[in-house]
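The values are calculated or read from the model by the stated rules, or taken from the named source; none is laboratory data. Since we're looking at a predicted model, the values are computed, not measured. Backbone-built Cβ (ideal geometry, glycine too); neighbour counts: all protein chains shown.
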Amino acid sequence: MLTNKKCLKHYSKCSQLIPFTFLLLSSSATLQASESCTSLFEKGHYESALKQCSNDTKHHSSTADYILGQLYINGLGVQKNIYKGLAHYRQAVLNNNVDSQIALGQYHAGNKNYLQSHVFFSLAIDNGSLQALNLKNNVSENLSEYELEASKDFLDLVKMAIIQKRKQVVSN
C-alpha cells in the first residue's frame, strides 16, 4: 500500500488528494432530495431551487448538494462560485452521489489533474455508472503505472472515509 509519506516524496500530485480525504471525514450521510428541490431545478426556477436545496442539505441530501454544485458552478440563480460548487459536489460524493463523482472527475480532467479525475471516475464505476467507465479509460491514458497504483490507494482511502462517516452518522 502506498503511504501518504511515500506518495508525497515521490509524486507531488498525490498530495492534492489528501485534503479531499480529510474533507470526507468531516461530512455527513445520504438522504434523497425533496421532489421540490429537484423539480425546481429541472423547471429552471434556479433561485427557488437554491433556497429549497439549501434547506434539503441540512437533512444530508446528496442530490440537493449535487444540484447546489450545479447552481454555483454554472452561476444559475446565484453568483458563479466554482469553489462553493466544488464543495457541494464533494459533500455529495461522500454520500455516493454518482452525478457528483462524475462531475468532479470531469472537472479535474478538464484541469489536467488526471490522478484525481481517475479516482472520482473509479468511485462512480464502483457505484454502477457505465458512463464513468469510458471517461476513466480516457484519463487512464494520461497516467503512468505509478499514478494508476496511487489512484487505487487513494480510492481505498476515500472509500474508508465514506464508511467511517456513515458509521458516525448512524451512531449519532
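Which of the residues spanning region 54-64 are assigned to a helix (DSSP H, G or I) and over 16 Å from residue 86 (Cβ atoms)?
Initial filter on region 54-64 (assigned to a helix (DSSP H, G or I)): 54-57, 62-64.
If the condition is that a residue be assigned to a helix (DSSP H, G or I) and over 16 Å from residue 86 (Cβ atoms), then 54, 55, 56, 63 are the ones that fit.
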field: Single match in 116, 91, 52, 101 (criterion: surrounded by 20 or more Cβ atoms within 10 Å (Cβ to Cβ) and touching a His at 6+ places or on another chain (Cβ under 7 Å))
entry: 116
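Kindly indicate whether residue 139 is within 26 Å of residue 59 (Cβ to Cβ) and β-branched (Val, Ile, Thr).
no
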message: part of a helix (DSSP H, G or I) and over 11 Å from the mean Cα position of the chain (by Cα): is that true of residue 168 in this structure?
response: yes
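Anything in region 156-172 that is among the aliphatic types (A, V, I, L, M), at pLDDT 80 or above and out of contact with any helix residue (DSSP H, G or I) (no Cβ under 9 Å at 6 or more places or on another chain)? List them, or say none.
Quick first cut of region 156-172, residues among the aliphatic types (A, V, I, L, M) only: 157-158, 160-163, 169-170.
From what's left, at pLDDT 80 or above: 157-158, 160-163.
Correct list: 163 only.
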- request: Report yes if some residue within region 72-90 is in contact with a Phe, Trp or Tyr (Cβ under 8 Å, 6 or more places away or on another chain), in a helix (DSSP H, G or I) and under 17 Å from residue 150 (Cα atoms); otherwise report no.
  value: no
statement: Across region 127-154, the tally of residues that are in a helix (DSSP H, G or I) and surrounded by fewer than 19 Cβ atoms within 10 Å (Cβ to Cβ) stands at 13
message: Please go through region 112-155 and give me each residue that is touching a helix residue (DSSP H, G or I) at 6+ places or on another chain (Cβ under 9 Å) and of a type in the set (Asp, Glu), ordered by number.
response: 126, 141, 147, 153
statement: Flagged in region 61-87 as over 18 Å from residue 111 (Cβ atoms), out of contact with any His (no Cβ under 9 Å at 6 or more places or on another chain) and crowded, with 19+ Cβ neighbours inside 10 Å, in numbering order, are 61, 62, 63
field: From 124, 109, residue being among the hydrophobic types (A, V, I, L, M, F, W, C), within 19 Å of residue 159 (Cα to Cα) and at pLDDT 95 or above
entry: 124
- request: Kindly establish whether residue 100 is of a type in the set (S, T, N, Q), in a helix (DSSP H, G or I) and without any contact (Cβ under 8 Å) to a residue 24 or more places away in the chain.
  value: no
